[in-house]
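Inspection log for the structure reproduced underneath, given as structure tokens.
Read-outs throughout are calculated quantities, based only on the coordinates presented, and are distinct from any laboratory measurement. Just so it is clear, the model here is predicted, and its values are computed rather than measured. Neighbour counts run over all protein chains shown; Cβ positions are idealised from the backbone, glycine included.
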């Protein structure tokens, strides 16, 4: 099994919840996102997903052939429209 290389000097996003997940008390209050890549016969496919921290359900996702600012812009706009207070 191979995982993402994490021994790097690039910035890492801070945790605004401080790992105190019990502080999430309702849906659409906090969400988190991540991006991964999937190898296909036609090349790489990037998948970004957003998880509601209260319901633990995926509430938004985007697939694309390239990653970049467009993923972040789309997901931030989508989550703002859903009424999330914080998006990370």
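Here 10, 39 are placed in order of increasing Cβ neighbour count within 10 Å, fewest first, which gives 10, 39. Going from the residue with the fewest nearby Cβ atoms within 10 Å to the one with the most, 55, 40 rank 40, 55.
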